[in-house]
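Working notes, beginning with the structure itself.
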Amino acid sequence: MLYLKTRYFARWARKEGVPDSSLREAIREFKSGLFEANLGNHLFKKRIALPGRGKSGGARTILFYQQEEKLVFCFGFAKNVQEDLYESDKKVLDRLVKDLLGFHSADLDKYIQLGALIKITETEGEK
């Protein structure tokens with residue numbers, strides 16, 4: 001299983017102060033069936049805590065999940081900035097899903113090398 005974040009998501013997470021440890025916790029919760037919504041087309045909404053704000057006042061993330069293959073954090077927004085996805089966001093995410101579904105291992109490796117996709121690695125003791 002490959003855990004990734006898009007470059008766009010990584011910039012947003014860095015700006016909001018979201019560490020990879022929070023993403024790894026969100027992955028564990030997601031794999032346990034804890035997520036806010038199944039948006040269809042392999043997309044899910046998952047809440048994460050922002051530093052000093054907790055989950056309820058924190059952020060919403062949109063992640064792509066292809067069973068037993070890959071999970072990709074695609075988009076994030078703070079609840080106080082944006083209540084839900086805009087129609088334009090949905091269109092961009094639909095195009096991204098189409099690409100991600102078509103990617104083979106070599107494609108993913110290429111985009112990781114280019115920095116368009118970034119691996120989220122487990123730290124010792126989290127496995």
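Restricting region 40-71 to residues that are out of contact with any Leu (no Cβ under 8 Å at 6 or more places or on another chain), of a type in the set (D, E, K, R) and within 23 Å of LEU2 (Cβ to Cβ), which is modelled with the lowest pLDDT? Per the stated criteria, the residue is GLU68. For region 1-11, the tally of residues that are of a type in the set (Lys, Arg) and either crowded, with 18+ Cβ neighbours inside 10 Å or more than 13 Å from the chain's Cα centre (by Cα) (or both) stands at 1.
Taken over region 11-37, the criterion of being under 25 Å from GLY115 (Cα atoms) and among the basic types (Lys, Arg) is satisfied by ARG11, ARG14, LYS15, ARG24, ARG28. Selection of region 2-11 for residues being of a type in the set (A, V, I, L, M) and either on the phi > 0 side of the Ramachandran plot or in a helix (DSSP H, G or I) (or both) yields only ALA10. For region 12-127, the strands (runs of 3 or more DSSP E) that sit wholly inside it and include 2 or more residues that are surrounded by 12 or more Cβ atoms within 10 Å (Cβ to Cβ) and more than 15 Å from the chain's Cα centre (by Cα) are 54-66.
Are any of the residues in region 112-126 at pLDDT 90 or above and over 20 Å from ARG24 (Cα atoms)? The answer is yes; a qualifying residue exists.
The values are calculated or read from the model by the stated rules, or taken from the named source; none is laboratory data. This structure is a prediction, so every number in the text was calculated from the model and none was measured. Cβ sites come from the backbone with ideal geometry, for glycine too, and all protein chains shown count toward neighbours.
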